[in-house]
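Engineer: Dropping the structure in here first, questions after.
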Amino acid sequence: MKGESKPLVQRVGTWLYALASAVLALAAFHPNVRPIFLLVIFVAMWLVFRIVWGWVFFQRRAELDKEIPVSSKELRKRKKDYLDSMERP
């Protein structure tokens with residue numbers, strides 16, 4: 001997954017989701033923290049949320065695509081393979 005290039009709109013989308021998440025999380029810290037610390041917290045959360053949203057959109061999606069059958073035909077095939085692999089008395 002790392003070597004694959006993602007469409008620009010998906011990459012920009014992950015940064016925007018991260019920005020929105022960081023702003024919302026920062027709202028909880030705002031009343032009690034000095035401005036310089038707010039900036040440091042904001043940048044750190046923006047990067048952390050970017051990693052999280054990148055995982056959710058790109059890597060986790062690929063993992064789920066492998067696990068979830070795409071059609072009933074595939075589901076029947078997997079069920080048949082499973083039942084065929086079991087021992088019969």
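Engineer: When the residues of segment 56-71 are narrowed to those that are part of a helix (DSSP H, G or I) and open to solvent by 100 Å² or more (accessible area, probe 1.4 Å), which ends up nearest to Q10 (Cα to Cα)?
Structural biologist: Step by step, filter segment 56-71, then rank; the result is R61.
Engineer: Within segment 73-87, is there a residue that is under 16 Å from the mean Cα position of the chain (by Cα), loosely packed, with under 11 Cβ neighbours inside 10 Å and part of a helix (DSSP H, G or I)?
Structural biologist: The answer is no, given that none of the residues of segment 73-87 is under 16 Å from the mean Cα position of the chain (by Cα), loosely packed, with under 11 Cβ neighbours inside 10 Å and part of a helix (DSSP H, G or I).
Engineer: Of the residues in segment 13-45, how many are open to solvent by 70 Å² or more (accessible area, probe 1.4 Å) and under 26 Å from L64 (Cβ atoms)?
Structural biologist: 4
Engineer: Quick one: W53 ticks every box in (1) open to solvent by 70 Å² or more (accessible area, probe 1.4 Å); (2) in a helix (DSSP H, G or I) bar one, so which box is it?
Structural biologist: (1)
Engineer: For a quick check of your reading of the model, give me the residue pairs whose first member lies in segment 1-27 and is modelled with pLDDT under 80 and of a type in the set (V, I, T), whose second is open to solvent by less than 60 Å² (accessible area, probe 1.4 Å) and part of a loop (DSSP other than H, G, I, E, B), with beta-carbon atoms closer than 9 Å and at least 6 apart or on different chains.
Structural biologist: So the pair list comes out empty.
The values are calculated or read from the model by the stated rules, or taken from the named source; none is laboratory data. Since this is a predicted model, take the numbers as computed values, not measurements. We place every Cβ from the backbone using ideal geometry, glycine too, and count neighbours over all the protein chains shown. SASA here: full protein model, heavy atoms, side chains in, ligands and nucleic acids out. Shrake-Rupley method; radii C 1.70, N 1.55, O 1.52, S 1.80 Å.
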